[in-house]
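See structure below.
The values are calculated or read from the model by the stated rules, or taken from the named source; none is laboratory data. All of these numbers come straight from a predicted model, not from anything done at the bench. Quick reminder, even Gly has a Cβ in these numbers, built from the backbone with ideal geometry, and neighbours come from all protein chains shown. Surface accessibility is based on the protein's heavy atoms, side chains included, excluding ligands, DNA and RNA. Shrake-Rupley method; radii C 1.70, N 1.55, O 1.52, S 1.80 Å.
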Amino acid sequence: MTLFKQIYKRNLYATGSKIDYKIPVRVRFAPSPTGYLHLGGLRTALFNYLLARKTGGKFLLRIEDTDRTRFVTDSVDNLLSVLSWAGLSFDELDEGSGNNESPRLFYQSERTKIYKSHVDKLINDGNAYRCFCTLERLKEIRIKAQRSGKGVVYDRHCLHLSQKEIEQKLAQGIPFTIRLKTPNGVVIINDLVHGNVEFNDKHIDDAILLKSDGYPTYHLANVIDDHSMGITHVLRGEEWLSSTPKHIILYKLFGWELPNFVHLPLLLNTDKSKLSKRSGDINVEDFANKGYLPEALINFVALLGWSPVNSKNDVFTMEELISEFTLEHLGHSGTIVMREKLDWLNKQHILRKTESGGGLKDLVNLLKPSVNERFAEKLKSTKDKYRLEDEYLTNVITVMKDRIRNIKDIPELCEYFFIEPNYHLKDSRLLRKKIPDDILKTISNLSLTKLNEFKDDELEFQVDKIKSMIQSIATQTGYKQNLIMMTLRYIITGIKVGAGVAETMKTIGKEACLKRINKVLASLNN
């Protein structure tokens, strides 16, 4: 029997069985510092995190920085910042591993001697060989394979070099890589999501393990580090499924126990093409900058390829996700990323936050920068500068919570809470056309009179009394209440949609209401 004529069973479960969530797992998130963290990476990190927290295990972070040509400065700092924003805390590495200055991080670039020693063992055992092929020759192999419609597989030209030929090339200083000598036979991956997946050796390339610059490829470093870190479960994207046979081969050649493989379904665009960094607008940092709550984005990402079992509700806190999460209910097929679902979830989490003082404070802190950026210059030297303060912003959020999907909708769509409406904008002019001049003048004059009857006391200017005022205008004029509301909304906000008219008037205050009414009356008299 060849080395791989068998199915390797999980040490905790096999396909179709249930994992024992009482047994602590060791999982890792292993990003490359080649740019910003995107949605797919966040989902991988999240699912690893949820499994670790559910089982009382360890969630470790490993920086796979061996591809120096693609290294992006500051990307590690960005990664750590984004993970912290998302609420994904990782655990300390065991003593003696990782970086001395930052012991919580595990950098592959600092372990090149370890990878080299393992490669030397493979060569000495006849399980790997040096490849001196030039890039030009490898390109020719690829072109021929593509023309014939076959998969691109290295032709093992350098496997058949004699020892003398190898020594000559080494003496000449010819660059070389180290390739895995793939054994004959079949590799069957026992994957929780995809079940048993079979790969014939004819379709498993002699993968490069060590590059000519001395750095390992993903295949080698991944296997050695997962073993060194004691990783029990490998959760990663489905795109790595086809590479897993090479990893299984390496585990067996080194005599190591296999981890449990879980390949997560692909994330797709609405046209069902694969979501990628080139798809645009998928960086986690972009979502944060656009005002999405971390709770909402985590909730959204959790539902991309996983379905809750014990709840028909799609709104989850992190604690609820940890409680509900199971590997058995990961999906098999690709998941379409629907921005509309994220917007809906963001709204639900905004509503949840408004139910507590701490949550409201979080929302105020999120709102303040965009409000200051947009209105601070206009307000800071006026008596309306209080509109930049926490108390006022809290009132605005409370009034608008049912109308917004994103906290940044407030400065974008509701300028009237901070500055006077611009009645010359298109939407405002369209609304104005629906209101006859005589009705606008009548309602403005009556509102002006009745508002002046309110005492200059905040306790006096309340929503219920403003509603009574509006009702009295309807009684006095015989106008329908909807017409009065539309007219007052035009005067106070300049737009046709928003929170309740009385609630809006209460929030911006009596003085601002009077000022806006007078401005509209003045425009009628010109």
Estimated inter-spin distance, Asp120 and Glu412, nm [label 7 Å along Cα→Cβ]: 5.8 nm
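Below 8 Å between Cα atoms, with a sequence gap of 6+, how large is the relative contact order for the chain in percent? Let's see the in-between values first.
On the way: 719 pairs, mean separation 67.1, N = 526.
With pairs under 8 Å counted, the relative contact order is 13 percent.
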Whichever lysines have a C-alpha closer than 19 Å to that of Lys378, once near sequence neighbours (fewer than 8 apart) are set aside: Lys368, Lys408, Lys515, Lys519
Sites Glu239 and Asn452 - FRET efficiency at Förster radius 60 Å, r taken between beta-carbons, to 0.05: 0.30
Fully extended contour minus Cα-Cα distance, from Asp20 to Leu161, at 0.36 nm per residue: 45.8 nm
Potential extension, Leu388-Glu110 segment - 0.36 nm per residue separation minus Cα distance: 95.2 nm
Restricting segment 344-414 to GluC sites (Glu not before Pro) in coil, as DSSP defines it, with at most 16 other Cβ within 10 Å: Glu355, Glu389
The chain - share of DSSP beta bridges that are antiparallel (%, nearest 5): 50 percent
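Could you sort out which of Lys426/Lys465; Lys347/Lys465; Lys385/Lys450; Lys121/Lys246; Lys426/Lys480 sit more than 21 Å apart by Cα distance in this structure? Don't skip to the end; give the middle numbers.
Values: Lys426/Lys465 32 Å; Lys347/Lys465 30 Å; Lys385/Lys450 27 Å; Lys121/Lys246 17 Å; Lys426/Lys480 26 Å.
With Cα atoms farther than 21 Å apart: Lys426/Lys465; Lys347/Lys465; Lys385/Lys450; Lys426/Lys480.
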Convex hull of Cα atoms in the chain, direction-averaged projection (nm²): 33.6 nm²
Distance in nm between pseudo-label sites at Leu524 and Val497 (7 Å out along the Cβ direction from Cα): 2.8 nm
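When ligands, DNA and RNA are left out and all protein chains stay put, how many square angstrom of accessible area per residue does segment 291-443 have with a 1.4 Å probe? Show your work: numbers first, answer last.
Numbers: 7810 Å² over 153 residues.
For segment 291-443, the solvent-accessible area averages 51 Å² per residue.
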Sequence-separation-based contact order of segment 176-290, relative, with Cα cut under 8 Å and 6+ spacing, percent: 24 percent
Inter-label distance for Gln168 and Tyr36, nm, one decimal - labels placed 7 Å from Cα along Cα-to-Cβ: 5.4 nm
Percent carbon-and-sulfur accessible area, the chain, ignoring ligands, DNA and RNA, probe 1.4 Å: 49 percent
Calculated FRET value between Lys378 and Ile141, using beta carbons and R₀ = 51 Å, to 0.05: 0.20
Label-reachable residues, segment 323-355, where backbone N falls under 15 Å from a point 7 Å from Asn310's Cα toward its Cβ: 323-329
Segment 376-392 - phi-based ³J(HN,Hα) in whole Hz, Karplus 6.51/-1.76/1.60, Gly and Pro as x: 4, 4, 7, 10, 5, 9, 10, 6, 8, 5, 4, 5, 8, 8, 4, 4, 5
Extension reserve of the Ser472-Leu425 stretch, reckoned as 0.36 nm per residue once the Cα distance is removed: 13.8 nm
FRET efficiency, Lys515 to Lys341 (Cβ-Cβ, R0 51 Å, nearest 0.05): 0.75
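With the Cα gyration tensor of segment 383-430 giving a ≥ b ≥ c as the square roots of its eigenvalues, does the rule (a/c under 1.5 for rounded; else a/b larger than b/c for prolate; else oblate) give rounded, prolate or oblate? It would help to have the intermediate numbers written out before the result.
Numbers: a/c = 2.80, a/b = 1.32, b/c = 2.12.
In terms of gyration-tensor shape, oblate.
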Residue-level accessible surface for Asp384, protein heavy atoms, 1.4 Å, Å²: 50 Å²
